[in-house]
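Chemist: I have a structure I would like to understand better, so I am pasting it below and will then ask my questions one at a time.
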Amino acid sequence: MEMHDLVSTGLRYQRGELHVLDQRRLPGEEHWHVCEDIDDLVCLIRGLAIRGAPLIGVAAVVWIAHRAAQGDDVAALTAAIATLRASRPTAVNLMNYLDYLQAELDSGIGNEAMLDKCIAIFEEDVMLCEAMSENGAALVNDGDSILTHCNTGGLATVGVGTALGVITRAHQQGKGIRVWVDETRPLLQGGRLTAWELGKAGVPYQLICDSMAAGLMAKGEVDHVMVGSDRIAVNGDFANKIGTYSLAVLAKHHDVPFYVVAPRTTIDPDCASGDLIPIEQRDAAEVRGANGSFGDCCWAPVDAPAYNPAFDVTPAALVTGWILDSGIYDQQDVADGELAKVYSQLKGSN
Ligand code: MRU
């Protein structure tokens, strides 16, 4: 069975192979890794070579498409889905997509139909990003300064991104925006990835240490905070890269609008509130030092105990608006249960 090529910033399916831009080596090296097998893919996801909630999910889906095209039977596809589902625990796009594919498999669809479903998911992520970007850019005024955290662009999705999609769209609309990019400790997705993406897109930005956001807000230098999400509970609480909650608290204190930008595939319909979101704990070495194409360094005692949750939860009360592909939702909308309704209209599942 033939599977056609798929191309995005960080993921390509070409000539029957899955190629992954190894994000651990950016910005110093643009190295494309050919994924050998499912264990390799799981390692790439766990190691953050592939990362960002939508991209993790779509990468897993592309692998299932590849295996369906290769003629794997139901038992093999079911095993692959279970293995990939356990690769990272917080970003729910992975579980949403794989549970949907498993249900289709259980209902008896053949490999060709499975392949079509998977391709539709890839294409849908591109469209969801476009819609979020348009919706969010309408909130941005000429000359605004936007602060963002982590990486939420083309490297985190297969489209233009979530929060970074809004930012680049506002720039393309000629709004003369400035961007403050949190470096995003401990793994520095802001410094390594967002700065790289904004530079390529020609969007004016300045990189800051995470600890500088408060001072900037106090000086009136931030008009909006825009971040992505890894999982949104139906009450509007959401998990995102560690440090997001601090930004939300700071934004509230300084009366700066705080927006979360995400596709409907990031909503967890079974999660009533943020305290139920599983938070991934990562290796202490990530806090003690850093590594990448620049080499390895450790600035703490090599055995220093460290606390390293990859994400934190921002309560809905601190959010000004939820910018989704289907529109912008405020506190009242969320209290009225709109997020669960949006999820139930998942396009890929129609
Ligand atoms: O650990 P990561 O790099 O996968 O975390 C990514 C984030 O927290 C992003 O902000 C989130 O996935 C939204 S991206 C569209």
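The values are calculated or read from the model by the stated rules, or taken from the named source; none is laboratory data. None of the values given here were measured: they were computed from a predicted structure. Note that each Cβ is placed from the backbone with ideal geometry, even for glycine, and that neighbours are counted across all protein chains shown. We work out accessible area using only protein heavy atoms, side chains counted, and drop any ligands, DNA or RNA first. Shrake-Rupley method; radii C 1.70, N 1.55, O 1.52, S 1.80 Å.
Chemist: Does Pro305 count as modelled with pLDDT of 95 or more and out of contact with any strand residue (DSSP E or B) (no Cβ under 6 Å at 6 or more places or on another chain)? Explain how you work it out, then say what you get.
Modeler: Details: modelled with pLDDT of 95 or more: yes; out of contact with any strand residue (DSSP E or B) (no Cβ under 6 Å at 6 or more places or on another chain): yes.
So Pro305 passes the test.
Chemist: Could I ask something else about it? Kindly evaluate Ser273 against the criterion of being assigned by TED's automatic domain parsing to the domain that holds Thr184, within 24 Å of Trp196 (Cα to Cα) and more than 19 Å from the chain's Cα centre (by Cα). Before the answer, list the steps.
Modeler: On the way: assigned by TED's automatic domain parsing to the domain that holds Thr184: yes; within 24 Å of Trp196 (Cα to Cα): no; more than 19 Å from the chain's Cα centre (by Cα): yes.
When the stated conditions are applied, Ser273 does not pass them.
Chemist: So if I check each of Ala251, Ala262, Ala284, Ala239, which one is in the same structural domain as Val334 (by TED's automatic domain parsing), open to solvent by 20 Å² or more (accessible area, probe 1.4 Å) and at pLDDT 95 or above?
Modeler: It is Ala284.
Chemist: Here is a follow-up. Does Asp125 satisfy being outside the structural domain of Leu21 (by TED's automatic domain parsing), open to solvent by less than 40 Å² (accessible area, probe 1.4 Å) and touching a residue at least 24 places away in the same chain (Cβ under 8 Å)?
Modeler: no
Chemist: Can you tell me which of Trp299, Trp322 is more than 23 Å from the chain's Cα centre (by Cα) and hydrophobic (A, V, I, L, M, F, W, C)?
Modeler: Answer to the selection: Trp299.
Chemist: Would you kindly identify the strands (runs of 3 or more DSSP E) lying entirely within the stretch 120-215 that contain at least 1 residues that are farther than 22 Å from Lys252 by Cα and in contact with a strand residue (DSSP E or B) (Cβ under 9 Å, 6 or more places away or on another chain)?
Modeler: Numbers: elements: 145-148, 178-182, 205-208.
Correct list: 205-208.
Chemist: For the stretch 252-260, indicate whether the set of residues that are touching a Pro at 6+ places or on another chain (Cβ under 7 Å) and within 15 Å of Met132 (Cβ to Cβ) is non-empty.
Modeler: Within the stretch 252-260, not a single residue is touching a Pro at 6+ places or on another chain (Cβ under 7 Å) and within 15 Å of Met132 (Cβ to Cβ).
Chemist: Within the stretch 1-100, considering only helices (runs of 4 or more DSSP H) that don't extend past its boundaries, which have at least 3 residues that are touching a Gly at 6+ places or on another chain (Cβ under 9 Å) and within 16 Å of the ligand (Cβ to nearest atom)?
Modeler: 53-69
Chemist: Same structure, new question: Can you list the helices (runs of 4 or more DSSP H) found entirely within the stretch 277-348 that contain at least 1 residues being touching a Pro at 6+ places or on another chain (Cβ under 6 Å)? Spell out how you get there, then give the answer.
Modeler: Numbers: elements: 285-288, 331-335, 338-343.
Counting at least 1 such residues, we get 285-288, 338-343.
Chemist: Among the residues of the stretch 249-269, which ones are more than 16 Å from the ligand (Cβ to nearest atom) and part of a loop (DSSP other than H, G, I, E, B)?
Modeler: His254, Asp255, Val256, Pro257, Pro269 - these are the residues of the stretch 249-269 that are more than 16 Å from the ligand (Cβ to nearest atom) and part of a loop (DSSP other than H, G, I, E, B).
Chemist: What are the pairs, 6+ residues apart or on separate chains, where a residue within the stretch 84-109 that is within 12 Å of Val58 (Cα to Cα) has its Cβ under 8 Å from a residue that is aromatic (Phe, Trp, Tyr) and away from the ligand (no atom under 16 Å from the Cβ)?
Modeler: So the pair list comes out as Leu84/Trp63.
Chemist: If you don't mind, there's one more thing I want to ask. I'm trying to understand the selection: among the residues of the stretch 108-162, which are among the hydroxyl-bearing types (Ser, Thr, Tyr) and away from the ligand (no atom under 14 Å from the Cβ)?
Modeler: Across the stretch 108-162, the qualifying residue is only Ser145.
Chemist: Take the residues in the stretch 147-196 that are out of contact with any Asp or Glu (no Cβ under 9 Å at 6 or more places or on another chain) and without any contact (Cβ under 8 Å) to a residue 60 or more places away in the chain; name whichever of them is most open to solvent (accessible area, probe 1.4 Å).
Modeler: So the first thing to find is which residues in the stretch 147-196 are out of contact with any Asp or Glu (no Cβ under 9 Å at 6 or more places or on another chain), and the list is 152, 156, 162-163, 167, 171-173, 179, 181, 188, 193, 196.
From what's left, without any contact (Cβ under 8 Å) to a residue 60 or more places away in the chain: 167, 171-173, 179, 181.
On the way: Ile167: 0, His171: 57, Gln172: 128, Gln173: 83, Val179: 3, Val181: 1 Å².
Here the answer is Gln172.
Chemist: Name every residue in the stretch 40-55 that is open to solvent by 30 Å² or more (accessible area, probe 1.4 Å) and touching a residue at least 40 places away in the same chain (Cβ under 8 Å), in order of residue number.
Modeler: Result: Arg46, single match.
Chemist: Now, a different point. Here is a check on your reading of the model: is Asp210 under 16 Å from Thr320 (Cα atoms), surrounded by fewer than 24 Cβ atoms within 10 Å (Cβ to Cβ) and either modelled with pLDDT of 95 or more or among the aromatic types (Phe, Trp, Tyr) (or both)? Reasoning before the result, please.
Modeler: Details: under 16 Å from Thr320 (Cα atoms): no; surrounded by fewer than 24 Cβ atoms within 10 Å (Cβ to Cβ): yes; either modelled with pLDDT of 95 or more or among the aromatic types (Phe, Trp, Tyr) (or both): yes.
Taking the combined requirement at face value, the residue does not satisfy it.
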